[in-house]
Amino acid sequence: MCGIVGYTGKRDAKEIILNGLYRLEYRGYDSAGISLYNQQTKRYELYKDAGRVDHLARIVEDVPYSNSGIGHTRWATHGKVNQLNAHPHMSKNNRFTIVHNGVIENYKNLRDTYLQDHRFSSETDTEVIVALIDYFSHTMPVKEAITTTLKRLQGSYALLILDQEEPSKMYAAKHKSPLLIGRGKDDYVVASDLMAMVGVCDAFIALEDETFVVIEAQKIILYNLDHQPQSLQFQTLDYTDELADKGAHPHYMIKEIMEQPIIIRRILEKYFSEEKLALDPALIKEIKASERIYILAAGTSMHAGYVAKTMIETIVRMPVEVHIASEFAYHPPVLSKKPFFMLISQSGETADLVACLKKIKALNAKTCTVTNVKTSTLAREADFTLEIYAGPEIAVASTKAYTAQIAVLVLLAYALSGKETWDIRYEYSKLSQAMESFLEHYEEMHQITKQTFTKFHAFYIGRGVDYYVGLEAALKLKEISYIHTEGYAAGELKHGTIALIEDQTPVIALITTKEVALNTRSNLHEVASRGANTLTIVTESLKEVGDTVVLPDVHPYLTPILTVLPTQLFAYYAALERGLDIDKPRNLAKSVTVE
Ligand code: F6R
């Protein structure tokens, strides 16, 4: 989703900002822009357009050295994808320039209250912010004009603001949308994502809501919205730069699929100390003291939540409910008396979950974020954090974060059960090896994909945990290959949806649970006799002649981590066959920071 990068210091602002924007490309966007200080004209000049950062880089190719500027990648929320709606936005008199992440919910109301005579150039909510700052600046100092504006905004924002009359100053503010300040040797980067400052800064702070900073030369001051200075505590930025390249792989997605066995081993290393599983005892105590776990998540993370529900309920015998975050935030269920909330989020920034967390905090209930980004909003604001150690996930379609989330949550279930009835270290190692041996032959999935996904509809079916993996398999296929795919409970298909089966519709059955293997096979026969092109993904001990993909047997609690691999590859190759932008599928964003 939208990305912000600002720079002020002595180095080449254009290069640092563009590099930062390239690093934020993985979040998904449709337009890019930059405002750079021109040392000759002594003004900030604006460059922006719909399209990729590459396109922006060509536009500013001949722009001379600049030591300060702000850049943005836009993911459209208000208004079409075009040059006028791209950020930065300027006030009408060209005095103020801003970039904005988030959504201003009351922008129409603000427009009607303060800016009736204003002629807007864009359809964005952002232009209202810059127009308001300008409006208030006629009657008060700039700092006050900014906070007066901020106090009137409802919704979410991360903002960088420049003033042509004081070009050496940069203002940054945030509310419900992440913004971080990075400190270099003698310069600062302000960005919505840590990735944008890796290699430039060695320390950073994540701004709190309703605070703003003024950066000028070497000085940085943090204020609350009443202009009282706040203390600033930078922490070391020790992010490893795993982004550098895709290795031998043509796309981040395939690189990330291939990393999964290593991540399983990394999770073991991180969570084991002196041969013992070392999860925070306070977390275990809190969950044990509760009556019911509520898992809140979106998309792929929610699918990991469903698998985790099955495992926690089986291993711990504790009830677990999974809820779509955007539904839970405004239509919560009747809760148990002692609830515990697990928020699963790769990015830790998903706005739907941030909204849930706010509501949960009002209930005084305890929360744990399961995330890949330990510096994220959700990690900072929950009572506990379980890191998944997947390393930066750049492809928009989540693969390694999904399996890492399940791996960490099964460890949690194991710790909660307190019964060491299976050798978890051995089983995780065995899983990692099984993943590796399957992935050694990953190209075999290419041929199957070519023969299978020839239609514009497809189904994954399964029962129990296989159904949950099928939901994720279907999401993966549809989001990057644009083939309409449903994940369906195998037994439910015949209650209506079977009407969609046509000649050669691909139906892939996931069969890894002995108790229901035959039932799922029967369901597959039902669709085969109606013309479907049927395939199977099965485990070794359940295989039958004619099965399509046979996976090694691993511990049943860990099987879903293995079963999903061929489906990730099917999605990858289906998108490849269609010549699509695999790492940046249309309309999608990596980090969904609007509700
Ligand atoms: C799909 C995908 C999304 C995310 C969802 C939640 O491949 O990545 O469905 O899972 O947007 O994002 P996080 O996990 O960052 O909260």
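For region 83-227, divide the Cα radius of gyration by the Kirkwood radius and give the resulting Rg/Rh value with two decimals.
In region 83-227, Rg relative to Rh is 0.96.
Which pairs break 31 Å Cα to Cα here: Lys169/Lys366; Lys288/Lys400; Lys108/Lys174; Lys361/Lys476?
Result: Lys169/Lys366; Lys361/Lys476 exceed 31 Å.
Pairs of alpha-carbon atoms within less than 8 angstrom and 6+ residues apart define the contacts here; what relative contact order does region 3-246 have, in percent?
Relative contact order, region 3-246: 19 percent.
Give me the net charge for the shell around Met302: Cβ to Cβ below 11 angstrom, other residues only, Lys and Arg +1, Asp and Glu -1.
Counting the neighbours of Met302, the net charge comes to -2.
Would you compute, from DSSP H runs of 4+ residues alone, the mean residue ellipticity of the chain at 222 nm, taking -39500 (n - 2.57) per run and dividing by the full residue count, rounded to the nearest 500?
Value at 222 nm, helices only: -11000 deg cm²/dmol.
Taking loop as defined by DSSP and a crowding limit of 15 other beta carbons within 10 Å, which chymotrypsin sites (Phe, Trp or Tyr not before Pro) in region 314-349 fit?
The qualifying sites are Tyr330.
With every atom except the alpha carbons ignored, what do you get for Rg and Dmax of the chain, in angstroms?
25.3, 81
Would you grab the residues whose amide H sits under 5 Å from the one on Thr534? Only those 5+ places off in sequence or on another chain, please, with H modelled 1.01 Å from N.
Val507
If you take the square roots of the eigenvalues of the alpha-carbon gyration tensor of region 3-246 and sort them as a ≥ b ≥ c, do you get rounded (a/c under 1.5), prolate (a/b over b/c) or oblate?
The shape class here is rounded.
Which whole-angstrom value gives the distance between the alpha carbon centres of region 447-510 and region 549-595?
Value for the Cα centre distance between the two parts: 13 Å.
So what J values fall out for region 552-568 if you push phi through Karplus, 6.51 cos²θ - 1.76 cosθ + 1.60 with θ = phi - 60°, rounded to Hz, Gly and Pro as x?
Once rounded to whole Hz, the list reads x, 6, 10, 4, x, 5, 10, 3, x, 5, 8, 4, 6, 4, x, 6, 5.
Give the long-range amide H neighbours of His323: residues separated by 5 or more places, or on another chain, with amide H under 5 Å away, using H modelled in the peptide plane at 1.01 Å from N.
Ile295, Leu296, Ala297
Convert each backbone phi in region 48-63 into a coupling constant with the Karplus relation 6.51 cos²θ - 1.76 cosθ + 1.60 (shift: θ = phi - 60°), then list the ³J(HN,Hα) values in order as whole Hz, x for Gly and Pro.
Per-residue couplings from phi come out as 6, 6, 6, x, 7, 4, 3, 5, 4, 4, 5, 4, 9, 3, 9, 6 Hz.
Amide H to amide H under 5 Å from Ser66: which residues, 5+ apart in sequence or cross-chain, H placed 1.01 Å off N in plane?
Hits under the 5 Å cutoff: Ala13, Lys14.
Rounded to whole Å and sorted largest first, what semi-axes of the equivalent ellipsoid does the C-alpha gyration tensor of region 254-577 yield via the square root of 5 times each eigenvalue?
32, 22, 19
Can you list the GluC sites (Glu not before Pro) in region 150-210 that are in a DSSP coil and have 12 or fewer other beta carbons within 10 angstrom?
Those satisfying the criteria are Glu165.
What do the square roots of 5 times the Cα gyration tensor eigenvalues come to for region 15-143, in whole Å, largest first, as semi-axes of the equivalent ellipsoid?
Over the Cα atoms of region 15-143, the ellipsoid semi-axes are 25, 19, 11 Å.
For region 412-442, which GluC sites (Glu not before Pro) are in a loop by DSSP, counting at most 14 other Cβ atoms within 10 Å?
Those that pass, being in a loop and sparsely packed, are Glu420.
Quick check on region 407-450: take the gyration tensor over C-alpha atoms, sort the square-rooted eigenvalues as a ≥ b ≥ c, and tell me if it's rounded (a/c under 1.5), prolate or oblate.
It comes out prolate by the Cα gyration axes.
Apply the Karplus curve 6.51 cos²θ - 1.76 cosθ + 1.60, θ = phi - 60°, to the phi angles in region 216-226 and return the couplings in whole Hz, x for Gly and Pro.
Working through the residues one at a time gives 9, 6, 8, 9, 9, 10, 9, 10, 8, 6, 9 Hz.
Cβ under 12 Å from Ile480's Cβ, Ile480 left aside: what net charge do those residues give with Lys, Arg +1 and Asp, Glu -1?
Charge balance in the 12 Å sphere: +1.
Quick note: the coordinates plus some simple rules give every number you see, no bench work behind them. Worth saying up front: this structure is predicted, and the values here are computed from it rather than measured. Positions of Cβ are backbone-derived with ideal geometry, glycine not excepted, and every protein chain shown enters the neighbour counts.
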